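The block underneath contains the structure these notes are about, expressed in structure tokens.
Any read-out appearing in this document is the output of simple, stated calculations on the displayed coordinates, not a laboratory observation. Just so it is clear, the model here is predicted, and its values are computed rather than measured. FYI the Cβ positions are ideal-geometry reconstructions off the backbone, even for glycines, and counts take in every protein chain you see.
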Amino acid sequence: MSIRVVSNSNNALDLVKAIYTGAPPTITLTGSASIAKFGTKVIDTHSAYSASSGVFTVPAAGAGSYDVDAACAFTGTTIVSGALTLQIFINGTVARSVSSRDDVIALTASKYVSVRGVFDLVAGDTIDIRAASARTGPSFTSTASENYVHIIRRSA
């Protein structure tokens, strides 16, 4: 997996980024959104992401515009009608939500859902990624490149 990071910062010390993968993320999929915990660190410049809680906290002097990008790949046997949902929460509130819905699908290949947004945040703000499934029986694939969260400060 290759990861390309783009920053508008002219000073490398200003860069805040956390990139984690999960193979698969730790979560029990239900009809209610639960925090997806991505446990494999690729980089975390400020130790701002807690793999145990799944929460990123904007560090002191880390205020700015953040690009948040997350994806999960769902798999399972025959899945009957219902949405697979991935959400970005800021300070415990839904900020962006994406759902994929099929009437009936046999997941012989994974179903990929991604969500992305840019948010103006201040020190102490929190970000977490939540997933939900209204379907019976899905789980995450075990492929790290299909399950990830990228949180990168674009500008101060």
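Can you list the HN-Hα couplings for the stretch 83-97, worked out from phi with the Karplus curve (6.51, -1.76, 1.60; θ = phi - 60°), rounded to whole Hz and with x for Gly and Pro?
The phi angles translate into 8, 9, 10, 10, 9, 9, 10, 10, 6, x, 10, 4, 10, 7, 9 Hz.
Could you list which residues have their amide H under 5 Å from that of Val16, counting only those 5 or more apart in sequence or on another chain, with H placed in the peptide plane?
Under 5 Å from the amide H of Val16: Arg153.
How far apart, in nanometres, would the label points at Ala123 and Thr45 be if each is projected 7 angstrom from Cα along the Cα-to-Cβ direction?
1.7
What is the set of long-range amide H partners of Asp125 at a cut-off below 5 Å, with H atoms built 1.01 Å from backbone N?
Val58
Quick one: net charge of Ile88's neighbours, Cβ under 10 Å, K/R +1, D/E -1?
Details: positive: Arg96, Arg116, Arg130; negative: Asp69, Asp128.
That sum, taken over residues with Cβ under 10 Å, equals +1.
Let me check I've understood the local charge: for Val68, count other residues with C-beta under 15 angstrom from its C-beta, Lys and Arg +1, Asp and Glu -1. What total comes out? Intermediate results must be reported in sequence, preceding the final value.
Numbers: positive: Lys17, Arg96, Arg116, Arg130, Arg153, Arg154; negative: Asp44, Asp67, Asp69, Asp120, Asp125, Asp128.
Once positives and negatives cancel, what remains is 0.
Determine the sum of side-chain charges near Tyr49: Lys and Arg each +1, Asp and Glu each -1, restricted to other residues whose C-beta is under 14 angstrom from that of Tyr49.
In short, 0.
So what J values fall out for the stretch 41-48 if you push phi through Karplus, 6.51 cos²θ - 1.76 cosθ + 1.60 with θ = phi - 60°, rounded to Hz, Gly and Pro as x?
Karplus-based 3J(HN,Hα) across the stretch 41-48 equals 7, 9, 7, 8, 5, 10, 6, 8 Hz.
For Gly54, which sequence-distant residues (separation of 5 or more, or a different chain) have an amide H within less than 5 Å of its own amide H, given hydrogens modelled in the peptide plane?
So Gly54 has HN proximity to no qualifying residue.
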